[in-house]
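See below for the structure under consideration.
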Amino acid sequence: MQESYDTNERLAEQVSLDVPAGHEIYEGQTLTLSDGRNTVTFEFDDLAINNGVQAGHVRIAYNTSDSDIVMARRIRDVINSAPVQSLVRRLRRWPTARRPVRPARRIASTCPGRSR
């Protein structure tokens, strides 16, 4: 017997991000994640400039020489960090809609065809 899978079916609870290499990201560029109600804004901080990020933004430090794999790991690690997960949990405690709030899920990064 052969197993078959529906290509539209998720086999794991994860999110995939297509991340560019460091030289394709500019200082101060932002990445916003939202569940439709709550938003967290991340800001890229070039380590050569190292001038910090705007108040309320979460810092993603990077080098322009970072590969796309290194950038994906940096983003994953910041999203999964305790301070960001704590922030997401605090935001979720105050839902604006009357429906159950699910706990934050951890983000997994994968790069098909490349070793980790």
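Every number here is computed from the coordinates shown, using simple stated rules; none is lab data. Remember, it's a predicted structure, so these values are computed and weren't measured experimentally. A quick note on method: Cβ atoms are made from the backbone with ideal geometry, for glycine too, and the neighbour counts reach across all protein chains shown.
Within the stretch 14-36, being in contact with a Phe, Trp or Tyr (Cβ under 9 Å, 6 or more places away or on another chain) and surrounded by 12 or more Cβ atoms within 10 Å (Cβ to Cβ) holds for GLY22, ILE25, GLU27, GLY28, GLN29, THR30, LEU31, LEU33.
The numbered conditions (1) free of Cβ contacts under 8 Å to residues at least 24 places away in the same chain; (2) buried (at least 18 other Cβ atoms within 10 Å of the Cβ); (3) over 15 Å from the mean Cα position of the chain (by Cα) are all true for ASP66 except (1).
Just one of the listed residues (ALA48, ALA72, ALA82, ALA55) is without any contact (Cβ under 8 Å) to a residue 40 or more places away in the chain, within 19 Å of ALA21 (Cβ to Cβ) and either crowded, with 18+ Cβ neighbours inside 10 Å or not charged (D, E, K, R) (or both), namely ALA48.
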